[in-house]
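Below: the structure, in structure tokens.
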Amino acid sequence: MAAGLPEPEPLRALIDALRGLPGVGVRTARRMAYHLLQHDPQGALRLGDALRDAVGGLRHCERCNSFSQTPVCATCENPERDASVLCVVETPADQNMIEASHGYQGLYYVLMGRLAPLEGVGPDQVRFAPLRERVRDGRVREVILATNFTAEGETTAYYLAEMLRECGVKVTRLARGVPSGSELEYVDAGTIAWALMERRPN
């Protein structure tokens with residue numbers, strides 16, 4: 001394969017930075033870099049400023065560990081939330097998806113990761129200790145484990161369930177099943193298997 005034109009160092013650095021984003025390969029990163037520099041240099045500057053402000057202006061909420069501008073985030077401060085129910089998620093993006101469902105009114109704890117033994121990520125790196133302390137405050141009655149249904153997410157949920165049951169709280173797991181509106185012939189076998197295992201009276 002013929003080599004392309006040598007790229008100036010600032011352009012190469014921008015492409016490498018964009019490649020660090022999830023799901024962005026070298027071709028997509030190069031396309032994004034050229035677009036920003038050629039068609040939207042002002043947008044590129046705004047993007048840089050927004051990233052700088054976000055990194056410098058956000059902290060972790062002292063209670064739920066999600067991103068916040070204040071020591072305790074607005075969700076944790078909201079008196080209308082049910083403090084007896086705590087939903088544990090892997091990331092703030094997962095938290096936002098649950099909020100978008102409008103079906104949950106409790107509080108959260110965001111792990112900011114998941115157990116991944118093969119990658120050297122253990123309980124100390126995922127900050128399980130603050131979660132244990134929060135559950136022991138006497139207000140939490142139920143913990144909903146809403147980690148992802150990946151091998152790492154399942155490992156994390158299992159570890160948390162064992163840890164939290166020692167605290168005397170009810171521990172539940174986010175249900176798995178066939179999505180609403182879907183046709184069985186188009187649903188993967190693993191999802192159908194979980195739906196059969198977790199079936200309930202009609």
Query raised in the report: Taking every eigenvalue of the Cα gyration tensor of the stretch 45-174, multiplying by 5 and rooting it, what semi-axes result, largest first, whole Å?
Result: 24, 19, 14
**Report entry** Extension gain, R127 back to H35 (0.36 nm per residue minus Cα-Cα distance, nm)
**Finding:** 29.2 nm
**Report entry** the chain - mean residue ellipticity at 222 nm from DSSP helices (-39,500 (n - 2.57) per run, n ≥ 4, rounded to 500)
**Finding:** -13500 deg cm²/dmol
**Report entry** Considering only the chain, percent of DSSP beta bridges that pair antiparallel, nearest 5
**Finding:** 20
Query raised in the report: For the stretch 106-142, which GluC sites (Glu not before Pro) are in a loop by DSSP, counting at most 12 other Cβ atoms within 10 Å?
Result: none
Query raised in the report: Over the stretch 63-173, what is the mean sequence separation of C-alpha contacts under 8 Å (at least six apart), divided by residue count, expressed as relative contact order in percent?
Result: 27
Query raised in the report: Among D49, D137, D16, which one shows the biggest mean-square fluctuation in a GNM of the chain, springs joining Cα atoms closer than 10 Å?
Result: D16
Query raised in the report: How do 60-72, 34-46, 163-175 rank on mean C-beta neighbours within 10 Å, highest first?
Result: 60-72, 163-175, 34-46
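Each reported figure results from applying straightforward, stated rules to the coordinates on display, with no laboratory input. Computed from a predicted model, the values in this text were never measured in an experiment. Every residue, glycine as well, gets a Cβ built from its backbone with ideal geometry; the counts of neighbours run over all protein chains shown.
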